Each structure stands twice: as C-alpha cells, then as structure tokens.
Amino acid sequence: MPVLRHIIADMIFDLHCHSKASDGALSPAELLQAAEDANIDLLSLTDHDTIAGYLELREHPTSVKLIPGIEFSCQWNGINIHIVGLDVDPDNAQLRTAIENQQAVRIERARTIAAKLEKLGMPGALEGALKYCSDPGRVGRPHFAQFLVEAGYVKNAKQAFDKWLGNGKCGDVKSLWPEIETVNHWIQEAGGVSVMAHPLRYKLTFSKLNRLIRHFHETGGRAIEASDQQGNKNLLKRMQELSTELGLLASAGSDFHSPEWAWCRLGQVSPLPSAMKPVWTAFKNTPFTAAIDID
Ligand code: AMP
Ligand code: MN
Ligand code: MN
Ligand code: MN
C-alpha cells in the first residue's frame with residue numbers, strides 16, 4: 001500500500017507571474033527555464049488579459065506542473081481591481097471572446113491615455129508605447145512608462161507612474177474595464193478558480209476591503225492571494241481572518257515581472273495560512289495534488 005507524504009511545506013509554487021506576452025521582461029520560454037532553475041514544482045503564468053504565453057508553453061516538455069492562468073483587469077467602485085483566473089480551460093470559447101474584449105479595451109484605453117499625454121505636451125505616446133509590447137491588444141501602462149523614459153519626460157518607470165500613470169493620475173483610465181462579477185463569470189464558465197490578486201495593494205481601509213472581498217465572494221470569487229506581504233501586518237491578519245470565515249481558498253504568487261526587480265523573485269512566495277485550504281485543491285482541468293507517492 002503506497003504511503004502518501006504531504007510535501008506542501010517543501011513544495012515550491014508560484015501562481016502569479018508575467019512574461020513578455022504582457023508586461024514582463026522574459027519570453028514565456030525564458031520564464032519556464034527560470035522556473036526550472038528555481039526548482040518550482042507548480043507554476044501559473046498569469047499575464048494581464050491574455051493566455052498567449054501559456055499557449056506557447058503548453059507543449060513544452062518540462063519538470064514544472066504548469067497551470068493555465070490569466071490576470072484579468074476589472075473595476076469596483078472606481079478602483080482598478082485584478083482577478084487571477086487559475087486552471088481555466090484555455091480552449092473555452094467564452095474565455096477566448098472575453099480576452100478579445102479585454103484586448104479591445106486595452107487598445108481604446110491606450111488611445112485615451114495617449115490623447116491625454118499629448119494634451120500635456122507629450123505627443124507620439126501611442127506609437128511609442130506600442131513599440132514595447134508584443135501585440136497592440138496587450139498594451140499597458142508599463143509600455144507607456146517605457147516610452148516616457150525613452151522620450152526623456154521622466155528618469156525611470158517609477159517616476160512615470162508617480163507623475164502620469166499611477167492611481168488617480170491622468171493615465172489611470174479604468175472606466176472601460178468590466179465589473180468584478182463579469183470577470184468571475186468568465187472564469188467560472190471556463191471551469192477555473194477566480195482569485196483576488198494582491199488584496200492589500202489597493203490601499204483600502206479594512207472596512208472598504210471587507211466590502212470588496214465580500215462582494216467578490218458573493219459574485220463567484222473562490223480564492224484570495226492570502227499571503228500578500230504588501231501593506232501592514234494588522235490588515236493582513238484581518239484579511240486572512242475574513243477570508244477564512246468566508247471559506248475562500250488560499251493562493252499566492254510572486255507577481256514576478258523582471259529579473260531586474262531585486263525585490264520580487266520568481267518562486268519567492270510566503271507560506272499559505274494554515275487555516276486556509278490551498279487553491280490547487282480546487283483545480284479540475286489540470287488536477288494537482290501536493291503529495292508524492294514514496295511507497
Ligand atoms: P495596466 O495593466 O496597463 O493597467 O498596468 C498595470 C501594471 O503596471 C501592473 O501590473 C504593474 O506591472 C505596473 N505598475 C503599476 N504601478 C506601478 C508603479 N508604481 N511602478 C511600476 N510599475 C507599476
Ligand atoms: Mn504588470
Ligand atoms: Mn496585478
Ligand atoms: Mn500581476
């Protein structure tokens with residue numbers, strides 16, 4: 001009779017990261033290589049509003065268990081919220097249509113951002129930003145940041161976000177994004193698990209965060225990035241308690257974008273809270289069990 005030894009504590013996983021298919025620095029193949037080098041067991045590439053990177057990797061022979069994933073942009077009460085879809089069926093027709101919609105929004109939003117920058121005396125931003133992305137439908141604010149640096153309007157990407165692109169600045173155009181419930185529905189229809197990304201990064205008070213998480217849960221959200229290290233410890237604890245009370249599953253990822261970001265390494269993820277069930281227990285399309293058979 002085989003003995004199952006649970007290895008969650010030793011398992012290396014990363015369920016949130018980016019490649020060149022959205023705003024990351026590595027190609028999908030380079031990212032997979034980096035995951036192998038970091039001995040990652042379980043990985044989901046969650047590019048912004050696209051699964052193109054995953055589609056490039058799905059036939060690659062690899063030691064890494066690869067879960068189809070995506071990070072959708074949406075809005076709630078005028079705040080830009082990110083929802084990660086894990087274990088979605090990449091061939092689901094509704095998901096493909098949803099992604100096309102999001103890409104159309106990205107293009108329209110980019111035109112709006114460029115028009116605003118032009119009014120402020122910074123012309124050519126649309127063409128400038130498009131140069132940095134792999135496909136016009138995947139254009140995002142980081143590509144505008146690259147343009148603003150290249151054109152000499154700012155010193156670095158941080159300054160581009162602080163001055164023009166970040167929360168509440170002129171390039172923060174979010175009214176075109178769908179509502180949370182729409183995104184939850186897309187993920188559900190594709191058989192995936194809907195995960196609230198980096199809940200503490202929205203800089204909300206606990207009372208507002210409480211409303212956001214409850215709304216997410218009531219509209220089909222099933223998991224939350226529960227070891228989010230951003231924000232204060234007290235808020236993290238209260239967020240974890242609320243998530244446990246609601247029966248949300250726990251997910252976590254590095255949100256890796258580039259090897260140049262020293263503070264954010266692929267596979268560097270804090271342990272999941274022990275009171276919560278890991279999100280992978282709900283994976284149906286690509287089942288994964290964090291146990292090995294040692295006979
Ligand atoms: P978008 O998907 O076009 O709305 O762009 C959002 C992305 O911009 C995030 O996923 C981050 O990668 C990046 N970002 C957001 N805020 C900042 C910031 N302050 N500095 C650098 N990058 C940022
Ligand atoms: Mn990003
Ligand atoms: Mn995000
Ligand atoms: Mn992300």
Problem set entry | Selection status of Glu218, surrounded by fewer than 22 Cβ atoms within 10 Å (Cβ to Cβ) and touching a residue at least 40 places away in the same chain (Cβ under 8 Å) | no
Exercise. What pairs come up if the first residue lies in segment 104-127 and is closer than 15 Å to Arg138 by Cβ, the second is modelled with pLDDT under 95 and open to solvent by 30 Å² or more (accessible area, probe 1.4 Å), and their beta carbons are under 7 Å apart, counting only those six or more places apart or on different chains?
Worked result: Val105/Leu176; Glu108/Leu176; Arg109/Leu176
Exercise. Out of (1) touching a Lys or Arg at 6+ places or on another chain (Cβ under 6 Å); (2) within 19 Å of Gly192 (Cβ to Cβ), what's the single condition that is false for Glu225?
Worked result: (1)
Exercise. Within segment 240-267, can you find the residues that are over 15 Å from the mean Cα position of the chain (by Cα) and polar (S, T, N, Q)?
Worked result: Gln240, Ser243, Thr244
Exercise. What about Ser22, is it under 21 Å from Gly220 (Cβ atoms), assigned by TED's automatic domain parsing to the domain that holds Ser194, hydroxyl-bearing (Ser, Thr, Tyr) and buried (at least 22 other Cβ atoms within 10 Å of the Cβ)?
Worked result: no
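The values are calculated or read from the model by the stated rules, or taken from the named source; none is laboratory data. Remember, it's a predicted structure, so these values are computed and weren't measured experimentally. FYI the Cβ positions are ideal-geometry reconstructions off the backbone, even for glycines, and counts take in every protein chain you see. Side chains are part of the model used for accessible areas, which takes the heavy atoms of the whole protein and leaves out ligands, DNA and RNA. Shrake-Rupley method; radii C 1.70, N 1.55, O 1.52, S 1.80 Å.
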